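Below is one structure, written out as structure tokens; comments come after it.
The values are calculated or read from the model by the stated rules, or taken from the named source; none is laboratory data. Just so we're clear, the structure is a prediction, and the values are computed from it rather than from any experiment. Cβ atoms come from the backbone with ideal geometry, glycine included; neighbour counts cover every protein chain shown.
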Amino acid sequence: MKDPLKDYDIRFVGLKAGVHEFSYEIGSSFFALFENALIGEGKLQAEAKLDKSETEMTVDLTLKGDISMSCDRCLEQLQMPIHVTETLLIKFGEPDNSTDEIIYLPESSISFNMAQFIYELASLQVPLRVVCGENSIPDCGQQFEHFVEEESTPEQEEEEPEFIDPRWEALKKLKS
């Protein structure tokens, strides 16, 4: 069985020093490969520019497209635009020394996989709170306006409760 993340491998052995470009189509099937993914659906274009030298590689990763998110208030699906670029520095050495900015690969490596980096960069673009009218997303709650109008009619607002507990009446007198 073929590893579905294998499509996102960049084989750098055999590449000449210089700039090389790689392109990936990112869709819902990509996000399904990750457990507990923040993003369920989306259509992104990932462009990776690999600048290879003798001792290190620099990858400029650009993501463009839209992801689907649900509004935290009304749960309507929203299309959120994404356009972000991040630079990743890859060196050879002990993988345990890797940081957020520098990835170390073993000297014997012949390729590295971009899938995790693409997923993390896309996930970092998801705001903590997705709400109608915020985060450059147009208002999405119009479909619920008729519910608000039906619930509060002037007749209902004027009605007084039929029975008032005498204990509450005594408390109201103390307040006055």
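Tabulated data
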{"quantity": "Residue list for region 82-107, restricted to those being in a strand (DSSP E or B) and without any contact (Cβ under 8 Å) to a residue 24 or more places away in the chain", "calculated": "83, 102, 103, 104, 105"}
{"quantity": "Number of positions in region 142-170 that are at pLDDT 55 or above and surrounded by 11 or more Cβ atoms within 10 Å (Cβ to Cβ)", "calculated": "1"}
{"quantity": "Test: residue in region 34-55 that is assigned to a helix (DSSP H, G or I), within 14 Å of residue 115 (Cα to Cα) and not aliphatic (A, V, I, L, M)", "calculated": "no"}
{"quantity": "Any hit, region 48-58, residues being in contact with an Asp or Glu (Cβ under 8 Å, 6 or more places away or on another chain), of a type in the set (Gly, Ala, Ser) and within 20 Å of residue 111 (Cα to Cα)", "calculated": "yes"}
{"quantity": "Filter result (touching a strand residue (DSSP E or B) at 6+ places or on another chain (Cβ under 8 Å), farther than 26 Å from residue 106 by Cβ and part of a helix (DSSP H, G or I)) within region 1-29", "calculated": "28"}
{"quantity": "Residues of region 56-81 satisfying the condition of being charged (D, E, K, R) and part of a strand (DSSP E or B)", "calculated": "56, 60, 64, 66"}
{"quantity": "Whichever residue in region 1-36 is within 18 Å of residue 61 (Cβ to Cβ) and touching a Gly at 6+ places or on another chain (Cβ under 9 Å) and, among such residues, is surrounded by the fewest Cβ atoms within 10 Å (Cβ to Cβ)", "calculated": "27"}
{"quantity": "Residues of region 59-81 that turn out to be surrounded by fewer than 18 Cβ atoms within 10 Å (Cβ to Cβ) and of a type in the set (A, V, I, L, M), as a count", "calculated": "1"}
{"quantity": "Residue count, region 43-72 (criterion: within 26 Å of residue 32 (Cβ to Cβ) and not aliphatic (A, V, I, L, M))", "calculated": "11"}
{"quantity": "Members of region 83-98 that are out of contact with any Asp or Glu (no Cβ under 7 Å at 6 or more places or on another chain) and either farther than 25 Å from residue 109 by Cβ or among the aromatic types (Phe, Trp, Tyr) (or both)", "calculated": "83, 84"}
